[in-house]
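Single-structure report; data block below.
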Amino acid sequence: MRDRNRPESVLVIVLAETREHEHTFELFRQNVLDQLGADLCLCVADNEREDPNNPFYREARYVWRYPEQDDWGDAFDDAQRQSGYDAPWRCLLGTGGQWLGGVRGEPRQPGSAGILLFFRWFLKERLLATGAIDRYDRFIVTRSDFVHRVPHPPLRVLDRQRIWIPLGEDYGGYTDRHIVANREDILRVLGIVDPMLAEPGRLAAELGPSAKWNLERFIKFSFARQGLTGRVGRYPYTMYAVRSVGGHTRWARGRYEERLGYYIKYPTEYWRFRLAYRLVRSDSDWTPSRMALLRGLAALQRGLQLCGGLTRRLTLPFRAIRSGKT
């Protein structure tokens, strides 16, 4: 049982790859690692794009690599063998959509969601195999291309009994880009891959064919399947993903902002960050009332977005950020 008088220990995990460190690392260290007093783990592909000299590697306490695959289905085959199962899991490709992008087969799905799912399995396996699961109270699974100009919400405002996901970028489910969970729940969060390996036929029947399946919808479906939906808490979106000129991407290319010198990958994500940036500049700004206000504003923005085009007319121009480069 955790001693309630000591600060919670935190492990922040960058999943699948490190990229854009030139634009993101210093703010990541300041507003995530230092803000939370956290250790860093990299659970990434071993490929030529990964530079072990970049600052994410220098900062990391753990580095767990899995070889790059031409067909990430081979990695799922490996995971299935290690887990002791042998059912034909590629039948799941027939459910449609894009939640298994990166896996070859018929039909071939676009994108990279399947790679991100595999790395959830790999992360769970490494946490258990190394004993790291027992060394931390909270775990944050995130990505390296986020610009963090707002301090990460402190743990005092994130109830330990909940699974915390930023509010936004859900695409019909729960965003896959960032999640905060305690030691017990992180295994269930990462365990959404297990039914794919153990009982793929049953899972395929439960999912049913649909062109709408994506990683976000699959995460929400899997949480509901485990009875976790009522435990999910949403907190204001505070960061935004970027891409350098010529930077690698498997999906969204983004919108180039000459003043900033990089692409903003998801304009709606940037809009949410700007809301938070106006109200939160330091750890002490994170109060329940401010969180509630930001959630309300984000919900309003989503309603306007559904109206079609109205959001763009009401969104403040990029130059309105007071601090210059953001």
Just want to confirm a number: the relative contact order over the range 128-275, from Cα pairs under 8 angstrom separated by 6+ residues, in percent. 27 percent
Within straight cross-link reach of LYS220, meaning Cα distance under 16 Å, which aspartates and glutamates are found once same-chain residues fewer than 8 apart are removed? GLU169, ASP170, ASP176, ASP185, ASP194, GLU206
GluC sites (Glu not before Pro) restricted to DSSP loop in the range 253-297 with at most 15 other C-beta within 10 Å: GLU258
Determine the relative contact order of the chain: mean sequence separation of Cα pairs under 8 Å and six or more apart, normalised by residue count, in whole percent. 19 percent
Which residues qualify? For GLY233, with a placed amide H closer than 5 Å and at least 5 residues away or on another chain, they are ILE163, TRP164, ILE165
Within 10 Å of each candidate Cβ there may be at most 14 other Cβ atoms; applying that plus a DSSP loop requirement, which trypsin sites (Lys or Arg not before Pro) in the range 176-271 survive? LYS212, ARG250, ARG253, ARG259
Could you work out the relative contact order of the range 6-135? I mean the mean sequence separation of Cα pairs under 8 Å and 6+ apart, divided by the number of residues, in percent. 20 percent
Can you tell me the FRET efficiency between GLN30 and ALA299 if r is taken as the Cβ-Cβ distance and R0 is 25 Å, rounded to the nearest 0.05? 0.30
Averaged over all viewing directions, the convex hull of the alpha carbons in the range 72-184 casts a projected area in nm² of 8.9 nm²
Neighbour cut-off at most 11 other Cβ (10 Å), DSSP loop, chymotrypsin sites (Phe, Trp or Tyr not before Pro), the range 48-108: none
Over the Cα atoms of the range 1-50, each weighted equally, I'd like the Debye log10 I(q)/I(0) at q = 0.13, 0.18 Å⁻¹, rounded to two decimals. -0.41, -0.67
So the angle from the long Cα axis of helix 288-306 to the longest Cα principal axis of the chain, reported in degrees to the nearest 10, equals 70 degrees
Heavy-atom accessible area of the chain with neighbours in place, 1.4 angstrom probe: carbon+sulfur share in percent works out to 49 percent
Per residue, how much accessible area does the chain show when a 1.4 Å probe rolls over the protein heavy atoms, in square angstrom? 44 Å²
For the range 20-30, 3J(HN,Hα) per residue [Karplus equation, 6.51 cos²θ - 1.76 cosθ + 1.60, θ = phi - 60°, Hz, x = Gly/Pro]: 6, 4, 4, 9, 10, 5, 4, 5, 4, 5, 5
The range 167-272 -> Rg/Rh from Cα coords, Kirkwood Rh, value 1.04
Determine, from the Cβ-Cβ distance of GLU59 and GLU199 and an R0 of 35 Å, the FRET efficiency 1/(1 + (r/R0)^6), rounded to the nearest 0.05. 0.35
For the range 107-124, take each phi angle, set θ = phi - 60°, evaluate the Karplus expression 6.51 cos²θ - 1.76 cosθ + 1.60, and give the result in whole Hz per residue in order, putting x for glycine and proline. x, 7, 9, x, x, 9, 4, x, 5, 5, 5, 4, 5, 5, 4, 4, 5, 4
Which value at 222 nm does the chain reach when only helices count, each DSSP H run of 4 or more adding -39,500 (n - 2.57), with the total divided by all residues and rounded to the nearest 500 deg cm²/dmol? -10000 deg cm²/dmol
Need one number: nm distance between label points at ARG259 and GLU68, each 7 Å from Cα along Cα→Cβ, rounded to one decimal. 3.6 nm
Which cross-chain or sequence-distant (5 or more) residues have an amide H under 5 Å from the amide H of ILE13, H modelled 1.01 Å from N in plane? CYS41, ILE140, VAL141, THR142
Across the range 167-172, in residue order, what do the Karplus-derived ³J(HN,Hα) couplings come to in whole Hz, using 6.51 cos²θ - 1.76 cosθ + 1.60 with θ = phi - 60° and x for Gly and Pro? 8, x, 6, 8, 6, x
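The values are calculated or read from the model by the stated rules, or taken from the named source; none is laboratory data. This one's a predicted model, so the numbers in the text were calculated from it and none came from an experiment. So basically every Cβ, Gly included, is an ideal-geometry build from the backbone, and we count neighbours across all protein chains shown. Only protein heavy atoms, including side chains, enter the accessible area calculation; ligands, DNA and RNA are left aside. Shrake-Rupley method; radii C 1.70, N 1.55, O 1.52, S 1.80 Å.
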